[in-house]
Amino acid sequence: MPQFFTAEISDPRFESDNLRLITVKSPALNKRADISIFVPDVPVSELKGMVILLHGVYGSHWAWTLKGGVHQTAHKLINENQIPPMLLVMPSDGLFADGSGYVSHVSEDYEKWIVEDVVSVVTQQIAGRPLPLFITGLSMGGYGAMRLGAKYSDRFRAFSGHSSVTELGQLSQFVEDFDRLLSVVQTQESVLESILQHKATLPPFRFDCGKEDILIEYNRHLHQALEQHGIDHQYNEFSGGHEWPYWEEHIVDSLLFFGRFCP
């Protein structure tokens with residue numbers, strides 16, 4: 001488990017909405033990075049899981065809460081006993097240009113940042129013990145969550161994606177300088193490639209996309225390819241586009257899905 005030279009955590013006296021903030025010097029990135037965490041109103045001994053939520057291009061660690069209200073959604077679901085108490089862990093992607101892609105770069109490992117550093121610092125600073133892990137994300141974060149969920153199937157109990165980029169090249173529709181990103185990434189593995197490479201050990205997973213989303217055809221093609229390869233999965237289409245109202249509504253589907261696999 002990585003050790004951290006510095007890890008600054010917010011003072012509970014000044015926190016609100018059950019949100020805690022951590023700034024940590026990441027060994028994977030060799031720089032500081034930020035994480036927002038939703039901590040339910042229960043003793044840490046009663047926590048049943050840790051859900052990592054990855055944001056899309058342009059955003060950072062605060063996007064899922066302050067644009068999507070996911071902490072309020074989780075609070076409601078927990079209070080209604082629809083999901084068990086779980087930490088929601090929302091890291092920045094490392095803040096490379098318009099988006100890092102959550103992949104390893106020449107000088108920074110944005111993949112290792114998520115699967116090792118983020119999990120370790122939250123475990124050390126908040127959970128106090130290893131918790132069952134889940135991962136989800138939107139758009140670029142969907143690409144990260146589904147690729148990493150499949151690749152690190154020994155760590156994640158389930159994964160999901162919302163309006164997901166399914167191949168790195170699709171980010172060219174969103175970022176200002178895609179050639180710069182291509183010049184430094186160490187992998188361009190697609191979601192399908194990652195899933196097929198680890199099909200023998202895949203945890204349960206689901207993904208969805210809005211019917212009016214610019215990425216809908218890519219998600220349909222992924223669904224069709226998975227069916228052709230006999231890969232068990234859940235795929236849904238709903239009304240909506242590539243926008244926060246859609247993600248605010250349908251993150252519920254992933255939280256309920258993950259709740260089924262908590263101890």
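Comparing Q82, Q173, Q234, which has the greatest mean-square fluctuation in the GNM of the chain with Cα pairs linked when under 10 Å apart?
Q173
Students often check this: by mean Cβ neighbours within 10 Å, which of 89-98, 163-172, 140-149 ranks highest, and how do the rest follow?
Answer by packing, highest mean first, reads 140-149, 89-98, 163-172.
At what distance in angstrom do the alpha carbon centres of region 49-65 and region 187-213 lie from each other?
Taking the Cα centre of each part, region 49-65 and region 187-213 sit 19 Å apart.
Enumerate lysine pairs in the chain that are 8 or more residues apart or on different chains, then count those whose Cα atoms are under 16 Å apart.
4
Scaled to the compact-protein estimate 2.2 N^0.38 Å, what is the alpha-carbon radius of gyration of the chain, rounded to two decimal places?
In units of the 2.2 N^0.38 Å rule of thumb, it is 0.93.
Can you tell me the relative contact order of region 120-242? Whole percent, Cα pairs under 8 Å, sequence separation 6 or more.
Rounded, it is 24 percent for region 120-242.
Along region 189-197, what does the Karplus equation 6.51 cos²θ - 1.76 cosθ + 1.60 (θ = phi - 60°) give for ³J(HN,Hα), rounded to whole Hz, x for Gly and Pro?
4, 7, 4, 4, 4, 5, 5, 5, 5
What is the log10 of I(q)/I(0) for region 51-137, computed with the Debye formula using one identical point scatterer on each Cα and no solvent, at q = 0.15, 0.20, 0.26 Å⁻¹?
-0.60, -0.99, -1.34
Charges only on Cβ, +1 for Lys and Arg, -1 for Asp and Glu: so what's the dipole of region 158-263 about the Cα centre, in debye to the nearest 20?
440
List every residue whose amide H lies under 5 Å from the amide H of I214, counting only residues 5 or more places away in sequence or on a different chain, with H placed 1.01 Å from N in the peptide plane.
H242
Using modelled backbone amide H atoms (1.01 Å from N, in-plane), which distant-in-sequence or interchain residues come within less than 5 Å of F238's amide H?
HN-HN under 5 Å from F238: C209, G210, K211.
Apply 1/(1 + (r/R0)^6) to the Cβ-Cβ distance of E217 and L256, taking R0 = 25 Å, and write down the FRET efficiency to the nearest 0.05. Mind dumping the intermediate values first?
Details: r = 27 Å, r/R0 = 1.07.
Once the sixth-power term is evaluated, E becomes 0.40.
Using Cα centres only, tell me the gap between region 1-24 and region 105-173 in whole Å.
20
Provide the per residue accessible area, probe 1.4 Å, for region 29-79, rounded to a whole number of square angstrom. It would help to have the intermediate numbers written out before the result.
Details: 2110 Å² over 51 residues.
On a per-residue basis, region 29-79 sits at 41 Å².
Taking only the alpha-carbon positions of region 161-218 and ignoring solvent, what does the Debye formula give for the base-10 log of I(q)/I(0) at q = 0.15, 0.30 Å⁻¹?
Taken in order of the listed q values, log10 I(q)/I(0) reads -0.56, -1.22.
Pick from K31, K151, K48: which residue has the top mean-square fluctuation in a GNM of the chain where Cα pairs under 10 Å get a spring?
K31
Would you mind classifying region 139-263 by shape? Square roots of the alpha carbon gyration tensor eigenvalues, ordered a ≥ b ≥ c; an a/c under 1.5 is rounded, otherwise it is prolate if a/b is larger than b/c and oblate if not.
Oblate shape, in that a/c is at least 1.5 and b/c is the bigger or equal ratio.
The values are calculated or read from the model by the stated rules, or taken from the named source; none is laboratory data. Keep in mind that what you see is a predicted model, and the values were worked out from it rather than measured. Here the Cβ is made from the backbone with ideal geometry for all residues, glycine too, and neighbour counts use every protein chain on show. Just so you know, the surface numbers come from the protein's heavy atoms only, side chains and all, with ligands and any DNA or RNA stripped out. Shrake-Rupley method; radii C 1.70, N 1.55, O 1.52, S 1.80 Å.
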